[in-house]
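Reading through the structure tokens given below for one structure.
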Amino acid sequence: MDIDAINQTIENEISGIDSSDKLEELRVRYLGRKGVLAELTGSIPQLPKEERGAFGQKVNLLKNKINTLLNEKQKSFASIDVGAPTAGQVDITMPGIAQDLGRLHPLTQLIDEICSIFTGMGFSVVEGPEIESEENNFTGLNIPLEHPSRDAFDTFYLKTKKKLLLRSHTSPVQIRAMKSRKPPLAIVVPGRVYRPDAVDASHSFMFHQIEGFMVDKNIKFSDLKGILEVFAKSVFGEDIKMRFRPHFFPFTEPSAEVDISCIICKGKGCSVCGRKGWLEILGSGMIHPNVFKHVGYDPKIYTGFAFGMGVERIAMLKYGINDIRLFAESDLRFLKQF
Ligand code: PHE
């Protein structure tokens, strides 16, 4: 075996090796007990005396060189062996994929928060169907035939023989609850409602409302005020002011819209409140005697209040959200903030 020839080819030979097994074979062939280098060392005594020293040195150098090359090659395998999986294998060197924790939608969170404010004051949570009759959505609520909100443009009607519609507010659940129960009643109703509005930053064809009503002997407007004040202060903070502004709803008399002092400018006037200093948050009033008559309650014995609020609107005011469409877009960058 020619020592100079080995010196020249060994590098190429090792670099061409593609597995630890073949590398080990080569190591045995060269450095093993009966390997090439052992043979070379063994041949030293047969050499003329004056050549032995130089030859021995050469063998040693070659041994060191092969050792170094083998080690380097082995190291490169060490990283490749785990780092490059073949098809179907798991690459354990890849960073893990963190599982995102799920969470409740901001509207669900707010609905839960608002409902628990009312259950804390003795209200029960009741739900009703999104497909309703004209009677529950309109007639029972003292909304006469010629009232504009009955117009097909303001309500989604279904193409059914019996005139059915997608409820345009949660108030029909007042009728359902009063027909199936006797006073005293204290109920809140969260749910979806539908109106054929063109979608823009503040309108949607579907949104959420929370209805509330209380019926008993001797329920007064001051009870409504007290309950709503507790509600508004828990949602928007203790330092807000509240006012009742006369309004009209067919199913309440008297009726009022409730405003809170603008949470952005604290009542000074800004772009959010339209320079008014006040933000409308809900509609309310004392339940109309005709509504009681419709469900068979005697309006001479019972009185009650009702209110209804848009959940998206409350959420937009509370969190400073400027586009109602964000609630329906499933954009994690938005949703993750809640
Ligand atoms: N139903 C009314 C609406 O959708 C809100 C309301 C409910 C007003 C109860 C008064 C009493 O606008």
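Read-outs: derived from the displayed coordinates by stated rules, not from any lab. Since this is a predicted model, take the numbers as computed values, not measurements. So basically every Cβ, Gly included, is an ideal-geometry build from the backbone, and we count neighbours across all protein chains shown.
What ³J(HN,Hα) values, in whole Hz, does the Karplus curve 6.51 cos²θ - 1.76 cosθ + 1.60 give for the range 296-307 when θ = phi - 60°, with x put for Gly and Pro?
Each residue of the range 296-307 in turn: x, 8, 7, x, 7, 9, 10, 10, x, 10, 9, 8 Hz.
Search the structure for amide H atoms under 5 Å from the amide H of residue 285, placed 1.01 Å from N in the peptide plane, and list their residues when 5 or more places away or on another chain.
Those qualifying (amide H under 5 Å, at least 5 residues apart or on another chain) are 256, 306.
For the range 6-13, what does the Karplus curve 6.51 cos²θ - 1.76 cosθ + 1.60, with θ = phi - 60°, yield as ³J(HN,Hα) per residue in whole Hz, taken in order and with x for Gly and Pro?
4, 3, 7, 9, 4, 4, 4, 4
Taking the chain as a whole, which cysteines find no other cysteine Cβ under 4.7 angstrom from their Cβ?
Result for the chain is 115, no neighbouring Cys Cβ within the cutoff.
What's the long-distance tail for the range 108-248, i.e. % of Cα pairs beyond 19 Å?
Numbers: 5856 of 9870 pairs.
Beyond 19 Å sits 59 percent of the P(r) for the range 108-248.
Using the Cα atoms as the points, what is the convex hull volume per residue of the range 3-78 in Å³? Don't skip to the end; give the middle numbers.
Numbers: hull volume 5.6 nm³, N = 76.
Roughly 73 Å³ of hull volume per residue.
Considering amide H positions built from the backbone, and no H for Pro or chain starts, which residues 5 or more places from residue 164, or on another chain, come under 5 Å of its amide H?
Here 158 satisfy the definition.
May I ask you to order 318-330, 105-117 by the average number of other C-beta atoms within 10 Å around their residues, highest value first?
On the way: 318-330: 14.0, 105-117: 16.8.
The packing order, highest mean first, is 105-117, 318-330.
Of 143, 234, 160, which is farthest along the charge dipole of the range 120-238 in the positive direction, counting Lys and Arg as +1 and Asp and Glu as -1 at C-beta?
With unit charges placed on the Cβ atoms, the residue in question is 160.
From Cα pairs below 8 angstrom and at least 6 apart in sequence, can you work out the relative contact order of the chain, rounded to a whole percent? Before the final figure, lay out each step's value.
On the way: 479 pairs, mean separation 46.7, N = 338.
Reported as a whole number, the value is 14 percent.
Based on Cβ point charges of +1 for Lys and Arg and -1 for Asp and Glu, what charge dipole magnitude is obtained for the range 3-78 about its Cα centre, in debye rounded to the nearest 20? The partial results should precede the final answer.
On the way: 12 positive and 11 negative charges, 59 e Å.
Computed charge dipole of the range 3-78: roughly 280 debye.
On a straight-distance basis, which lysines could pair with residue 268 in a cross-link, Cα separation under 22 angstrom, same-chain partners fewer than 8 positions away excluded?
Reachable lysines: 233, 241, 276, 318.
With r defined as the distance between the Cβ atoms of residue 233 and residue 89 and R0 fixed at 51 Å, what FRET efficiency is calculated, to the nearest 0.05?
Here the calculated transfer efficiency is 0.25.
Can you tell me, using C-alpha contacts under 8 Å and at least 6 residues apart, the relative contact order of the range 189-338 as a whole percent?
Once divided by the residue count of the range 189-338, the mean separation gives 27 percent.
Could you give me the ³J(HN,Hα) list for the range 325-338, computed from phi with Karplus coefficients 6.51, -1.76, 1.60 and θ = phi - 60°, whole Hz, x at Gly and Pro?
With coefficients 6.51, -1.76 and 1.60, one gets 5, 4, 5, 10, 8, 6, 7, 4, 4, 7, 5, 5, 7, 10 Hz.
For the chain, what log10 I(q)/I(0) values come out of the Debye formula at q = 0.08, 0.09, 0.12 1/Å, with one point per alpha carbon and no solvent?
For the chain, the Cα-only Debye profile gives -0.53, -0.60, -0.91.
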